[in-house]
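Notes to accompany the following structure.
Taken together, the values in this text are just the output of simple stated rules run on the coordinates, not laboratory data. Since we're looking at a predicted model, the values are computed, not measured. Glycine also receives a Cβ, built like all others from the backbone with ideal geometry; neighbour counts cover every protein chain displayed.
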Amino acid sequence: MPKLKTNKAASKRFKATASGKLKRNKANRRHILGKKSTKRKRGLRKAGYVDKTNENQMKRLLPYV
């Protein structure tokens, strides 16, 4: 059986938690921050999780995570 290749772009963006969920950073926190409220920016600091509907696709990209 051949080894599976890990998608390197995905491996840099996602981390696995102890329960097996995939942790990710939220989008829209890079630039044009002046028009966004403080509350919105504070919420974007916190990590999000990959949705269940996309989890199988992500597991295929990250076979050893």
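Here are the numbers for this structure:
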quantity	calculated
Members of the range 7-20 that are surrounded by 13 or more Cβ atoms within 10 Å (Cβ to Cβ) and either over 15 Å from the mean Cα position of the chain (by Cα) or within 17 Å of residue 53 (Cα to Cα) (or both)	10, 14, 16
Qualifying residue in the range 48-60 (condition: surrounded by 13 or more Cβ atoms within 10 Å (Cβ to Cβ) and of a type in the set (Lys, Arg))	yes
Cβ-Cβ under 7 Å pairs, at least 6 apart or on other chains, the range 43-62 side within 14 Å of residue 23 (Cβ to Cβ) and in contact (Cβ under 8 Å) with a residue 40 or more places away in the chain, far side loosely packed, with under 14 Cβ neighbours inside 10 Å and of a type outside the set (Asp, Glu)	62/6; 62/11
Single unsatisfied condition, residue 25 versus (1) surrounded by 12 or more Cβ atoms within 10 Å (Cβ to Cβ); (2) of a type outside the set (Ser, Thr, Tyr); (3) touching a residue at least 40 places away in the same chain (Cβ under 8 Å)	(3)
